[in-house]
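Have a look at the structure below, then the notes.
The values are calculated or read from the model by the stated rules, or taken from the named source; none is laboratory data. These numbers come from a predicted model, not from an experiment. We work out accessible area using only protein heavy atoms, side chains counted, and drop any ligands, DNA or RNA first. Shrake-Rupley method; radii C 1.70, N 1.55, O 1.52, S 1.80 Å.
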Amino acid sequence: MPYPQAMRERAIAAHLEQGMKKIEVCRIFGIQRRSFDEWLRVYEKEGRTCAGGVLKCMLINGGQTKSNG
């Protein structure tokens, strides 16, 4: 089961905005490091926090390609 969108956003913000180390983010949020690295890769490349391609992201975000809108 995929991680909730809100969790992805909070985890990414904790790392990028608050400067938390990746290992700390993964421990606190209970996520796999590989998953978190993928979320960051997608966010940094495409500016969105959901994985699975643009169509899936649009479905999750009500037709918008960026979750932060």
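Points to keep in mind about this one:
- On full extension, the segment bounded by Arg27 and Met7 gains 5.9 nm, given 0.36 nm per residue less the C-alpha separation.
- Solvent-accessible surface (1.4 Å probe) assigned to Tyr3 amounts to roughly 70 Å².
- In terms of its C-alpha gyration tensor, segment 1-45 comes out rounded, because the ratio a/c of the largest to the smallest axis stays below 1.5.
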